[in-house]
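Novice: I'd like to ask you about the structure that follows.
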Amino acid sequence: MQSSKRAQASEHVPTQSPVAQGPRKPVGNRADAASGPPAERKPDPEVQSSGEVTVVDPVMVKRAVSAAALGNAMEWFDFGVYSYIAVTLGHVFFPSGNPTAQLLSTFGAFAAAFLVRPIGGMVFGPLGDRIGRQKILAITMIMMAVGTFAIGLIPSYASIGVGAPLLLLVARLVQGFSTGGEYGGASTFIAEYAPDKKRGFLGSWLEFGTLAGYVGGAGLVTLMTALLSTEDLNSWGWRIPFLVAGPMGIIGLYLRMRLEETPAFAQLEKEARTKEKARREAEKRIGIREMIFGQWRSMLLCIGLVLVFNVTDYMLLSYMPSYLTSELKYDETHGLLVVLGVMVLMMGVQPFAGRLSDRFGRRPVIAAGCLGFLVLSVPALLLIRQGSLLAIALGMAALGLLLVAFTSTMPAALPALFPTRVRYGSLSIGFNISVSLFGGTTPLVVTALIGATGNKMMPAYYMMAAAVIGGIAVLLMSESAGKPLPGSPPAVENEAEARDAVRAARRPATAASTA
């Protein structure tokens, strides 16, 4: 692949580099690259003499974004299926005369997976910073596929009694543990490949993949609900979506195994080989401590941003189908179709919102989402409670478009909070702590609050509270759009941009020396 040219980084550990191993060979401009083999290309003197500016390889960027997004879609296919078939799973694994108790038990198993996510983040995150992003993303893909496929093989409660929900819990814990290393790794992977000016747009495709996974899961459940009788769905039909995860996992693993390591980690690994062994061992010993307490401010900001992102995400995509069915007694098939349509709408808007965050900044886009949820959550839920198809569609669409403000920006905003040496680990830990405490528990907590108070407006109040916390985090965060990742040199798409970056870096130094 194409090599990179660099300018001096502001820290000792540069975070963008060529993926290719061995000595770097400078490349010329695009005309040079097209006119002759690498040995004949002449380096650009201005870029080469400047130090370090990363010229990214567009082919590798597209491959990295595609594989991360597709892998993420397969990871989240299960979460979509589990959420949309929650009522049926309640009948199969938690038989009871009380539908609310069944739903609570099902979402309890759903939430249990999130309790082990921080543990998965603490295991996979540091490993991703130590042995590489690509290897860990392949491992999480395997574990998720195995856990999901296993659910489709578990006998029902009627067959083996209490062993059925216990086996379901074990499978969910495997899924949760593997997912602990998924989002932080995938977002880090894309962020470290992307040029600075397009990090928002390229990062938005990660959540496009998430939505695609949800759409796939919701679409399959909706199709089965429409085609199968309730008896068939309860006896064997519910297994189909989980068994599909087997071949899907193989596809995802293949895609991720074809990836090369990110430029940032490749350079970090190369420099580590040149350092004395004692220093490397010392760095490893302080790993977890530095990832959490050494980055405490960024960690708190990460938790706050992820809180509003995931509370609203799980409320809309995971909880609302069950809310429509169990709380509002709305027809299950029509409710699923409405949510499916909202997700397709979000997928269409997602890349454009990512571009907006590159142009106007992450903070304005995220702030707009927080303000929107604070002001519109109650009106949107009142519309949904009207019960007509049009009212439900309008209310859900409003919430979905507000959610895009987070899904389109977070994959670019969150990795920019941390430096390369701890990015995968710190992001995975902070992300999963927040998801475990607030995001993944959203269906369980809101269902319990409605049961305790009888107030069916609780989903709106919960989203409003999350929007306040997210708004505080936005006020305290720094703008990262168009800027290098912390400690990184500029990452650009071509040598013309590299020359501009070099000149821009020289101007302050020239002005200072003149003064």
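Novice: Under a 5 Å amide H to amide H cut-off, with H placed in plane at 1.01 Å, what residues pair with V55 once short-range neighbours are removed?
Specialist: Counting only residues 5 or more places away or on other chains, the set is K5, V492.
Novice: Under the Karplus relation 6.51 cos²θ - 1.76 cosθ + 1.60, θ = phi - 60°, what is the ordered set of whole-Hz ³J(HN,Hα) values for segment 232-247, x standing for Gly and Pro?
Specialist: For segment 232-247, the Karplus curve yields 5, 5, 6, 8, 9, x, 5, 6, 4, x, 6, 5, 5, 4, x, x Hz.
Novice: Does segment 333-386 come out rounded, prolate or oblate, given a ≥ b ≥ c as the square roots of the eigenvalues of its C-alpha gyration tensor, rounded meaning a/c under 1.5 and, failing that, prolate meaning a/b above b/c?
Specialist: Taking the square roots of the gyration eigenvalues as a ≥ b ≥ c, segment 333-386 is oblate.
Novice: On average, how much accessible surface per residue is there in segment 317-412, in Å², for a 1.4 Å probe, leaving out ligands, DNA and RNA?
Specialist: On a per-residue basis, segment 317-412 sits at 38 Å².
Novice: Using a 1.4 Å probe on the protein chains only, how many percent of the accessible area of segment 339-389 belongs to carbon and sulfur?
Specialist: 72 percent
Novice: Let me ask something else about it. Within segment 81-216, what whole-number % of the accessible surface is contributed by carbon and sulfur, with the 1.4 Å probe and all protein chains included in the calculation?
Specialist: Heavy-atom surface of segment 81-216 belonging to carbon and sulfur, 1.4 Å probe: 76 percent.
Novice: Which ³J(HN,Hα) values in Hz, rounded to whole numbers, follow from the phi angles of segment 311-324 under the Karplus curve 6.51 cos²θ - 1.76 cosθ + 1.60, where θ = phi - 60° and Gly and Pro get x?
Specialist: 4, 5, 5, 6, 5, 6, 8, 9, 8, 4, x, 6, 4, 4
Novice: First compute the accessible area of segment 403-494 with a 1.4 Å probe, then give the percent of it belonging to carbon and sulfur atoms.
Specialist: Carbon-and-sulfur percentage of accessible area, whole number: 70.
Novice: Starting from 0.36 nm per residue, how many nanometres of slack lie between S229 and R297 once their C-alpha separation is accounted for?
Specialist: Using 0.36 nm per residue and subtracting the Cα-Cα distance, I get 19.2 nm.
Novice: For segment 143-217, with every protein chain kept in place, what is the accessible area per residue (1.4 Å probe, Å²)?
Specialist: Heavy-atom accessible area per residue stands at 28 Å².
Novice: Continuing with the same structure: Ranked highest first by the average count of other Cβ atoms within 10 Å around their residues, in what order do 418-425, 53-60, 381-388 fall?
Specialist: The packing order, highest mean first, is 418-425, 53-60, 381-388.
Novice: Where a ≥ b ≥ c are the square roots of the eigenvalues of the C-alpha gyration tensor, would you call segment 102-151 rounded, which needs a/c under 1.5, or, failing that, prolate if a/b is larger than b/c, or oblate?
Specialist: The shape class here is oblate.
The values are calculated or read from the model by the stated rules, or taken from the named source; none is laboratory data. If you're wondering where the values come from, they're calculated on a predicted model, not measured in any experiment. Heads up, the Cβs are rebuilt from the backbone with ideal geometry, glycines too, and the neighbour counts pull from every protein chain shown. The protein model used for the area step is the full one, side chains on, heavy atoms only, and it has no ligands, DNA or RNA in it. Shrake-Rupley method; radii C 1.70, N 1.55, O 1.52, S 1.80 Å.
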